[in-house]
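Chemist: This structure is in structure tokens; I'll ask about it shortly.
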Amino acid sequence: MRKLRALWIRTRGLFGNRQASEFDTELESHLHLHIEANLRRGMTPEQARRDALIKLGGMEQTKQAYRERQSLPSLETFGQDIRFGLRMLVKNPGFTIIAVLTLALGIGANTAIFSVVKAVLLAPLPYKDPARIVAVWTANPARGVQVLPSSPGDFAAWKKSGLFEDLAPSYDDEKTLTGQGSPQFLIGYAVSANYLRILGVQPQLGRLYTDEEDKPGGPNLVLLSDHLWRATFHSDPNIVGKAITLEGKPHTVLGVMPPTFDYPANVDLWNPAAMAPSAFDDFNHTYVRILGRLRPGITLEAAQKGINALEAQTAAAHPSTDNGNRVVLVPIRQQLDGDIRKPLLILLGAVGLVLLIACANTAGLALARNAERQKEISVRLALGATRLRLLRQFVTESLLLATMGGAAGMFLALAGSRLLLTLFPNDVANLQIPKVTEIPIGRGVFLFALAITLLSAFLFGVLPVLKATHAEASDAMKESARSATASRRSNHSRSAIVVTEVALSLILLTAAGLVAASFQRVMNADLGFRSDHLLALQIFLPSDSYPRSDQEKTRAFVEQTIARMSAVPGVKSAGATNFLPLIGFWGTSNFLLRGQTPPKDGQLPEADNRVMTPGYMRTMGIPLLRGRAFIDADRTDSAHIAMINQTFAKQYFRDKDPIGEELNLGSADKPDWWRVVGVSGDVKSFGQDQPTHADIYRPFAQDPFPLVAFVLRTDTDPVAMIKPVEQALWSVDPDLPIFKAIPMDSLANQSLALRRASSVLISGFAVLALILACIGIYGVMAYAVTQRTQEIGVRMALGAGRADVLRMMMGLGFRLTAAGVLIGLAGALASTRLLTSLLFETAAMNPLIFSLAAALLVAIAILASYLPARRAASIDPINALRTE
């Protein structure tokens, strides 16, 4: 038996140092039987071995047995393929780990981004036939107005158009809740009774109010949101029919809306709009937000065309208010998606490129691995295996790799989806972003992960499998299975893969450079005020306690509160305004300059209308460029004065000194003149990346406003000052709720959350692509060195120096990189136009960024090529010539 074992070891050596496989098992079995039989017949061990090999090569029954082995029932064959595939992966841990990690990164990134897309863009809306529901807005492009609420008169005209099955008005109606502990400011929404019928929602408790109850003088009714019911009323199941105190008046709770209902976003309660019929004759005030349901059979395009034609007729009848207006119909899905839609789709495209690069990288690794198995494949074909059988085996191995990569990718997606919540800041009102507090990984996401796992298996497996199964059976008897010709054919495929990786990486790298440069410009943009050590408190003065008719009470409250806040230790200065920058609230006023002829179309120019106390500009750090600031003496009994910002001065006065000029903020019949006494610096009220509006500032004492934002400059951390400052406010009015208390630097930081997250994610994907491309180039170069060892030995034996070999191998890597860069630049030029919505003061065709991206990729590629090339230059010619 010892002789037999030694003989078998020698026999295995004739077949090369192959890895264990199923055909090894067949050969071992038949060889062992033949050798043992020959020994029993008295042959010498050498004769027994030679005879067994001759019989094995020529016996049809041996081939037939192998063919029968290939024709096992499908289930058994599949199990055999899985076992064999697992053995092969275990025996190649380096290849397996790199391939699985590469696929995990690609699949995980795609799954994480898709989970956000599904939660935001693809989740079914909890409304009846949402495809026909539209939000109706007014726009005036000539005046720079994109979308604004409409007037009640416009609503009445559109309701008669016949385009809508139903049309409903609504408007903001904030409320102060008392009697439930501390006073609470609630975001209320006054909606007509048919508004909720258009959406097709029903309360989880109670009922909706009727058309009869939605009339002036009707009962005070309210519908609570689910989060308000749970947080404030502790999920009281008997809440329906109870009275709660809003604005100092009892309101009967009619019902509680379901948790899935959140339109408009972040609303706490809904109450009847109760609009009088006479209100619909008003074309001057634009405060009505309109929701409609299109008639069956009417497309969005047809409705848009019809309503714009109707608006043209309205503009002819009411030129002072509607001239130049157009109507914008926004599907409710688009309305809910807001500003997040384009960034999410761009991110989805970016991770798609990452997945392609990951698949290309894995395909390159598989090609190199399969090249080492050509002799095994040829022997299996010689023994009778069909190409279909080999194809099935290699597909199974690809699926195993993809499955492991997909499983690891799901773990990465679970962790990454939580990080993606930074795309949805909750405290920024000047961004139209849906409220997202969690990103579920449900069945749909798992199915998506499964789909891209199978897609990945196909993408990275198809080329290596086809290459592997095209081996010739005659190669089994060749001493040099890895011929130069075969190597060149294999290298062509791997080179094409590397060129693809480089091209895709450059597209991502260029996109990341553009987005990062844009974000840097946004970060460096001047807000117009100092946000550090600045605390803001936003409040709404209840109409029952601070009626508009009693402006003195409002003025006294604000002045007393500023005095109390200024006395708090740690507060350096304090002031107040109505519309705080970045908070999402603003108002506009029409005006006319002294001596200016009113425009023929009746469309007076307009500017943002703000009021402020004397200490506001100093506290905010807004520079005074010309004239004087407001002082305590600027009160109702003094001359009406105003300040304008630099944008206003440039736009309407150009080179003329605006100091002393007068603005009419009233009408031609009832003029209201305000004299300009100063020019302030510009403030980015809507974010660093948004255009600056023309602003008019007036003294708060001359026009008290019920919306008040206090600002305080502190010596210490503003967060630590919130409690003592709130106590100072409540010492003046203990029943007053605070809507929001937030440091201004936090508000400024959160206003950039969407841009920051997009920039970081795209840059991260670009870095990942760069690493994968680097690995791909290194793999191709390293394999090329292995395949060309003999060639390099011959060249060096004939006199080639190390520098010549280094230059030859580096040239290969450079040619591949150059080809990929040229293709990538063309792709980047075609694709970067899609990034326009994410760019700020950065051209999509920025030549510097394109050049830097290409240079970085070339530098990384040269480094990846240098290491294998240096190893090639260090080859010993004698040892190289001995290599088979």
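The values are calculated or read from the model by the stated rules, or taken from the named source; none is laboratory data. This is a predicted model, so every value here is computed, not measured. Because the Cβ atoms are built from the backbone with ideal geometry, glycine has one as well, and the counts that use them run over all protein chains shown. These area figures cover heavy atoms from the full protein model, side chains too; ligands, DNA and RNA do not enter into them. Shrake-Rupley method; radii C 1.70, N 1.55, O 1.52, S 1.80 Å.
Chemist: How much of the calculated P(r) for the stretch 693-783 lies past 20 Å, in percent of all Cα pairs?
Modeler: Roughly 66 percent, once rounded to a whole number.
Chemist: Using a Förster radius of 25 Å, what is the FRET efficiency between Leu454 and Leu388 based on their Cβ-Cβ separation? Nearest 0.05, please.
Modeler: About 0.80, to the nearest 0.05.
Chemist: Please compute the per residue accessible area over the stretch 646-751 with all protein chains in place, 1.4 Å probe, rounded to a whole number of Å².
Modeler: It amounts to 41 Å² per residue over the stretch 646-751.
Chemist: Charges only on Cβ, +1 for Lys and Arg, -1 for Asp and Glu: so what's the dipole of the stretch 157-221 about the Cα centre, in debye to the nearest 20?
Modeler: Value, rounded to 20: 40 debye.
Chemist: Say each of Arg626 and Lys160 gets a label point 7 Å from the Cα, pointing the same way as Cα to Cβ; how far apart are those two points in nm?
Modeler: Result for the modelled spin labels: 4.9 nm.
Chemist: Here is a follow-up. With the crude spin-label approximation of a point 7 Å out along Cα→Cβ, what separation in nm comes out for Asp211 versus Arg815?
Modeler: Distance between the two pseudo-spin positions: 8.1 nm.
Chemist: Once the mean 1/r over all distinct Cα pairs of the stretch 823-862 is inverted, what Kirkwood radius in angstroms do you read off?
Modeler: 11.0 Å is the Kirkwood radius here.
Chemist: Tell me, what ³J(HN,Hα) does each residue in the stretch 714-729 have, in order and in whole Hz, if you take phi through Karplus 6.51 cos²θ - 1.76 cosθ + 1.60 with θ = phi - 60° and put x for Gly and Pro?
Modeler: 10, 7, 10, 4, x, 4, 5, 8, 4, 4, x, 6, 4, 5, 5, 5
Chemist: Going by average Cβ neighbours within 10 Å, how do the peptides 510-518, 394-402 rank, with the highest at the top?
Modeler: The most tightly packed comes first, giving 510-518, 394-402.
Chemist: Averaged per residue, what accessible area in Å² does the stretch 553-607 show with a 1.4 Å probe, protein chains only?
Modeler: Spelled out: the 1.4 Å probe surface of the stretch 553-607, per residue, equals 44 Å².
Chemist: Please give the length that would be gained between Lys656 and Ala276 if that part of the chain were fully extended, namely 0.36 nm times their separation in residues minus their C-alpha to C-alpha distance (nm, one decimal).
Modeler: Full extension from Lys656 to Ala276 adds 132.1 nm.
Chemist: Follow-up. Need the full-extension length gain, Ile98 to Ile298, defined as separation in residues times 0.36 nm minus the C-alpha distance. One decimal, nm.
Modeler: Working it through step by step, the gained length comes to 66.5 nm.
Chemist: Subtracting the Cα-Cα distance from 0.36 nm times the residue separation, let me have the gained length for Arg594 to Leu148 in nm, one decimal.
Modeler: Length gained, Arg594 through Leu148: 157.7 nm.
Chemist: Counting only residues 5 or more places away or on other chains, whose amide H sits under 5 Å from the amide H of Glu174 once H atoms are built in the peptide plane?
Modeler: Here the answer is Gly188, since their amide H atoms fall under 5 Å of that of Glu174.
Chemist: Averaged over every viewing direction, what's the projected area of the C-alpha convex hull for the stretch 643-763? Give it in nm², one decimal, please.
Modeler: Over every viewing direction, the Cα hull of the stretch 643-763 projects on average to 12.3 nm².
Chemist: In what order, largest first, do Cys774, Cys359 sit by accessible area if the probe radius is 1.4 Å?
Modeler: Putting Cys774, Cys359 in descending order of accessible area: Cys774, Cys359.
Chemist: Just to check I understand the Karplus step: with θ = phi - 60° and J = 6.51 cos²θ - 1.76 cosθ + 1.60, what whole-Hz values come out for the stretch 690-702, glycine and proline as x?
Modeler: So the Karplus estimates, Gly and Pro as x, are 10, x, 7, 8, 6, 10, 10, 10, 10, x, 4, 5, 8 Hz.
Chemist: Right, here's the next one. Compute the FRET efficiency between Ala567 and His227 as 1/(1 + (r/R0)^6), taking r as their Cβ-Cβ distance and R0 = 41 Å, and round to the nearest 0.05.
Modeler: 0.65
Chemist: Could you provide, to the nearest whole Å², the per residue accessible area of the stretch 209-339 with probe 1.4 Å?
Modeler: 46
Chemist: Counting only protein heavy atoms and using a 1.4 Å probe, what share of the accessible area of the stretch 576-656 belongs to carbon plus sulfur, as a whole percent?
Modeler: About 50 percent, which is the carbon plus sulfur part of the accessible surface.
Chemist: Continuing with this model, one more query. What percentage of the solvent-accessible surface of the stretch 693-770, computed with a 1.4 Å probe over protein heavy atoms, is contributed by carbon and sulfur atoms?
Modeler: 60
Chemist: If DNA, RNA and ligands are ignored and the probe is 1.4 Å, what is the ranking of Arg41, Arg870 by accessible area, most exposed first?
Modeler: Arg41, Arg870
Chemist: As a test of reading the structure, rank Tyr866, Tyr195 by solvent-accessible area (1.4 Å probe, protein chains only), most first.
Modeler: If we order Tyr866, Tyr195 from most to least accessible, we get Tyr866, Tyr195.
Chemist: In a shell of Cβ-Cβ distance under 13 Å around Ser417, excluding Ser417 itself, what net charge do Lys and Arg (+1) and Asp and Glu (-1) give?
Modeler: +1
Chemist: Run the accessible area of the stretch 117-175 with a 1.4 Å probe and give the carbon-and-sulfur part as a rounded percent.
Modeler: On the stretch 117-175, the fraction of accessible area on carbon and sulfur atoms equals 55 percent.
Chemist: If packing is taken as the mean number of other Cβ atoms within 10 Å per residue, what is the order of 711-719, 149-157, highest first?
Modeler: So the peptides 711-719, 149-157, ranked by packing, come out 149-157, 711-719.
Chemist: What Kirkwood radius, in Å to one decimal, follows from the Cα pairs of the stretch 204-319?
Modeler: Evaluated over the stretch 204-319, this radius sits at 17.2 Å.
Chemist: Quick one: 3J(HN,Hα) in Hz for the stretch 292-307, Karplus 6.51/-1.76/1.60 with θ = phi - 60°, rounded, Gly and Pro as x.
Modeler: Going residue by residue, I get x, 10, 5, 5, x, x, 9, 7, 4, 5, 5, 5, 4, 5, x, 6 Hz, with x marking Gly and Pro.
Chemist: Amide H neighbours of Leu582 under 5 Å, at least 5 residues apart or on other chains, H built in the peptide plane: list them.
Modeler: Hits under the 5 Å cutoff: Phe686, Gly687.
Chemist: Please list, ordered by chain and number, the residues whose modelled amide H lies under 5 Å from the amide H of Lys740; skip anything fewer than 5 residues away on the same chain.
Modeler: The answer is Gln538.
Chemist: Could you bin all the Cα-Cα distances of the stretch 95-251 into 5 Å bins starting at 0 and give me the percent of pairs in each, rounded to whole numbers?
Modeler: Calculated over all Cα pairs of the stretch 95-251, the distribution is 1, 6, 11, 14, 14, 13, 11, 9, 6, 4, 4, 3, 2, 1, 0, 0 percent.
Chemist: Oh, and also: If packing is taken as the average number of other Cβ atoms within 10 Å across a peptide's residues, how do 111-119, 604-612 rank, most packed first?
Modeler: Averaged packing, sorted descending, gives the order 111-119, 604-612.
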